[in-house]
Amino acid sequence: MQPLDLSHLKITIAVTGLKTGDNPQPGVPVIRSIRTAGFSGKIIGLVYDAMESGVFLEGIADEVYQLPYPSTGADSFLARLDYILSKSKIDVIIPTLDSEIPLYIRLEKELQERGIHTYLPTEEQFNLRDKIKLSQFFPPKGIDIPKTHLLQSADQINKLKDELNFPVIVKGRLYEAYKAKDVYEAQRYFYDLQAKWGLPVIMQEIIDGDEFNVVIVGDGKGKCLGMVPQRKLVITDKGKGFGGVVVKNPGLESYAHRVIEALSWRGPCELEIMKDADGVFYLIEINPRFPAWVRLAEGSGQNQPAATVLLAMGEKLESLPPFKPGTLFIRHAEDIISDISLLGEISVNGELIRTKDTE
């Protein structure tokens, strides 16, 4: 099966989330995968912060525009989008951040009216994979989830102490997770996460064993068009994978297929899965977008960002090529050297149009 080729597309693609560094966003690797597929058209970077480092990388985004944060609502977003469209047509948008995807899902009709295509889950699919609903939706379907408690107050932790095996994981409903070694530490994390992300705060048992991540593109009917599993080899103190290897594990792949089938997931996602000492798989999280390590999929033979572009444009894909086990990635940090004028343009004007003078 031949690698995907985007050289025939004469369109403009917009991608969000250009931060790199110790907690990278997926936008830059998504763009690099699209470029690798032979795409020579215009790519627009959409950012929320002028200091997103991908803004200053050459060969990534031809144009960059700053967006209002999703919390400001649909009207602000559409007003800014209409301004951007007055400067440059956009045919496809690939959002890569959890917090913005609900907005793109709800505005699907408005985006289509503007000639913009996406390939995203339905709002129902998105809501079912929420951290606070995993433990309710999946166990009846035979998909194991770690024992989970949804906390509305810190007092609940003290009341549950006799049935908990510490340490436990305490999670914000949107982002962040911490390992708590006792009740007092769990309560401290509860207050921190409540202040940042609201209620409920999630407390979950820790599954000891092997950790896997699987990047998938679902067809919306229960089938995986592409799937690449990896095992983390290098993990930062924030739990981020900075190195991993593609693995062939039929049990893991079968389990991931069952998750996607249960949701009928449409579009990109990442599954976080643990396998315990008895060989039982547990679903930890479903992230509703490409992970920052998505270039490992491309490197192993499955260019999932390129596939997403084709699917957004209405092209039919039966399945992606098989992945190559043993493909390795190691992430590294590097300094980006640029000119202060570029920061000035994006900070003051909210946009950056690359020309020979600005590169």
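The values are calculated or read from the model by the stated rules, or taken from the named source; none is laboratory data. Given the structure is predicted, the values throughout are model-derived calculations rather than measurements. Positions of Cβ are generated from backbone atoms using ideal geometry, with glycine treated the same way; all protein chains shown enter the neighbour counts.
Okay, here's what the table says:
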read-out: Every residue from segment 263-294 that is crowded, with 22+ Cβ neighbours inside 10 Å and either assigned to a helix (DSSP H, G or I) or hydroxyl-bearing (Ser, Thr, Tyr) (or both); value: Leu263
read-out: From Ile93, Ile84, residue being surrounded by 15 or more Cβ atoms within 10 Å (Cβ to Cβ) and assigned to a helix (DSSP H, G or I); value: Ile84
read-out: Qualifying position, being more than 16 Å from the chain's Cα centre (by Cα) and in contact (Cβ under 8 Å) with a residue 24 or more places away in the chain, among Asp144, Asp182; value: Asp144
read-out: Residue, modelled with the lowest pLDDT, within segment 308-337, restricted to residues that are among the small types (Gly, Ala, Ser) and surrounded by 15 or more Cβ atoms within 10 Å (Cβ to Cβ); value: Ser319
read-out: Residues satisfying the stated conditions in segment 1-13, i.e. in a loop (DSSP other than H, G, I, E, B) and not basic (Lys, Arg); value: Met1, Gln2, Pro3, Leu4, Asp5, Leu6, Ser7, His8, Leu9, Ile11
read-out: In segment 14-65, the residues that are over 16 Å from Thr96 (Cβ atoms) and either among the polar types (S, T, N, Q) or part of a helix (DSSP H, G or I) (or both); value: Thr36, Ser40, Phe56
read-out: Enumeration of residues in segment 310-349 that are within 29 Å of Leu6 (Cβ to Cβ) and of a type in the set (D, E, K, R); value: Glu315, Lys316, Glu318, Lys324, Arg331, Glu334, Glu345
read-out: Within segment 1-28, tally of residues that are hydroxyl-bearing (Ser, Thr, Tyr), farther than 11 Å from Ile44 by Cβ and within 21 Å of the chain's Cα centre (by Cα); value: 1
read-out: Top-ranked residue in segment 96-110 [being among the acidic types (Asp, Glu) and in contact (Cβ under 8 Å) with a residue 40 or more places away in the chain; ranked as surrounded by the most Cβ atoms within 10 Å (Cβ to Cβ)]; value: Glu100
read-out: Of the criteria (1) under 30 Å from Lys89 (Cβ atoms); (2) surrounded by 17 or more Cβ atoms within 10 Å (Cβ to Cβ); (3) touching a Lys or Arg at 6+ places or on another chain (Cβ under 9 Å), which one Val170 fails; value: (1)
read-out: Filter result for Tyr119 (assigned to a loop (DSSP other than H, G, I, E, B) and of a type in the set (Phe, Trp, Tyr)); value: yes
read-out: Output for segment 310-359, where each listed residue is part of a loop (DSSP other than H, G, I, E, B), over 22 Å from Gly45 (Cβ atoms) and touching a residue at least 60 places away in the same chain (Cβ under 8 Å); value: Gly314, Leu317, Glu318, Ser319, Leu320, Pro321, Pro322, Phe323, Lys324, Pro325, Gly326, Thr327
read-out: Residues that are of a type outside the set (A, V, I, L, M, F, W, C) and either surrounded by 15 or more Cβ atoms within 10 Å (Cβ to Cβ) or more than 13 Å from Leu151 (Cβ to Cβ) (or both), drawn from segment 193-208; value: Gln194, Lys196, Pro200, Gln204, Glu205, Asp208
read-out: Flag if Val92 is β-branched (Val, Ile, Thr) and either farther than 15 Å from Val15 by Cα or touching a Leu at 6+ places or on another chain (Cβ under 6 Å) (or both); value: no
